[in-house]
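The structure appears below as structure tokens.
The values are calculated or read from the model by the stated rules, or taken from the named source; none is laboratory data. Worth saying up front: this structure is predicted, and the values here are computed from it rather than measured. All Cβ positions, even for glycine, are placed from backbone atoms using ideal geometry, and neighbour counts span all protein chains on display. Ligands, DNA and RNA are excluded from the accessible area calculation, which covers all protein heavy atoms including side chains. Shrake-Rupley method; radii C 1.70, N 1.55, O 1.52, S 1.80 Å.
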Amino acid sequence: MISPISLIIGWLLDFVFGDPERLPHPIVWFGKMIAFGEKRLNSGGHRKLKGGLMAVALIALVFGISWLVRWWLMGVSMWVVFVFDAIVVFYCLAGTTLIKEVRDVFLALDRSLDEGRAQVARIVGRDTSELSAQEVRTAALETLAENLSDGVIAPLFWLAILGTPGMLAYKMVNTLDSMIGYHTERYLQFGCWAAHIDDVANYIPARLTALLMVVGSWVLGVGGINHHPSPITYHLRFVHRNGKNHASPNSGYPEAALAGILNCRFGGPHKYFGEVFDKPYIGENDRELTTADMKTAIRVNRMAEILMIALLLAESIICH
């Protein structure tokens, strides 16, 4: 178990600084490892098997090395372990960077559509060159909701289950999916296992994220659904009904939670790597999104993050 001190310090470092751009980042190393393996293995026959073995090997390698390092540090000093855990939490959380990137999309869009398209291309995998202003805003808010799960809640979930080695292993899972888990000709076979492993790893966190967003919006008193006589129950039914309207078994749930809060519509056709994918719609109100919606979404993200940290602190204190 991670100590409450390490958890708070690591979270506060991310809250204040975000991703350290000038420091070595483990996710960059993970990406280089994946790219190295993909370049050499994603050709010829048995691509699904080779891709699956590479994914499993990299996840096991990250978990095993980080577990051994932490075990060795325990023999040195528990204070060193506290520092190690805090650093891992800091590096594995992406809440502040995510919020900054989404805010920058809206600010860039205020200057020009081309700047907005260029800025949102930093955080989405789809082709942004032909997006309208509404589609740019939609893409940014979808990413904000989806990556609240991938970049904050899921890493903290696996931290609670398997400690910092589990948190790092999850980041490898997520990096594999983001690099090779696409349904395109190049990655359909090779990235199949990576995508399925990511689906399993995010199954509970995605739904937990949606729940935390619903509760968070109620705590903050934001969103049209809060005017309903039973806002949380009504909102959860909305999420259950709309969360299935996504190609991913998980991403639709946090997106549905945010669509309900903002009373808007997400989804629709997207272009990835030159191929058009017709995604189902999440929500029904195809209204114009605004900067005020972005600010509301960011407040909800932060509250969901705070609620998750509170849950982990409670677990950590009880277990210690």
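With the convex hull of the Cα atoms taken as the outline of region 78-173, the averaged projected area works out to 6.7 nm².
Note on surface exposure: Lys279, Lys48 rank Lys48, Lys279 by accessible area, highest first, 1.4 Å probe.
Cross-linked pairs Lys48/Lys244; Lys39/Lys279; Lys100/Lys295: Cα-Cα separations exceed 20 Å for Lys48/Lys244; Lys39/Lys279.
Cα gyration tensor of the chain, axes a ≥ b ≥ c as square roots of the eigenvalues: rounded (a/c below 1.5), prolate (a/b > b/c) or oblate?
oblate
Rolling a 1.4 angstrom probe over the chain with all protein chains present gives an accessible area of which 64% lies on carbon and sulfur atoms.
On alpha-carbon atoms, Rg over Rh for region 1-129 using Kirkwood Rh?
Ratio of gyration radius to Kirkwood radius: 1.08.
Going by accessible surface with a 1.4 Å probe and the largest first, Arg126, Arg117 read Arg117, Arg126. Is region 160-240 best put as rounded, prolate or oblate by its Cα gyration tensor, with a ≥ b ≥ c the root eigenvalues, rounded for a/c under 1.5, and otherwise prolate when a/b is larger than b/c, oblate when not? Taking the square roots of the gyration eigenvalues as a ≥ b ≥ c, region 160-240 is prolate. Around the amide H of Gly267, modelled in the peptide plane, lie the amide H atoms of Ile282, all under 5 Å away and 5 or more residues distant in sequence or on another chain. Heavy-atom accessible area, probed at 1.4 angstrom with all protein chains present, ranks Met213, Met303 as Met303, Met213, highest first. For region 147-202, a/c is not less than 1.5, where a ≥ b ≥ c are the root eigenvalues of the C-alpha gyration tensor, and a/b tops b/c. That puts it in the prolate class.
Estimated at the nearest 10 Å², the accessible area of Glu288 is 110 Å² with a 1.4 Å probe.
Accessible surface for the chain, divided over its residues, is 48 Å² per residue with a 1.4 Å probe. Annotation: extensible slack from Met78 through Lys39 equals 10.0 nm (criterion: 0.36 nm per residue apart, minus Cα-Cα distance).
With the simple model of a label 7 Å out from the Cα in the direction of the Cβ, Asn285 to Leu53 spans 5.3 nm.
Based on DSSP H segments of at least four residues, each scored -39500 (n - 2.57), the chain has a per-residue ellipticity at 222 nm of -23500 deg cm²/dmol.
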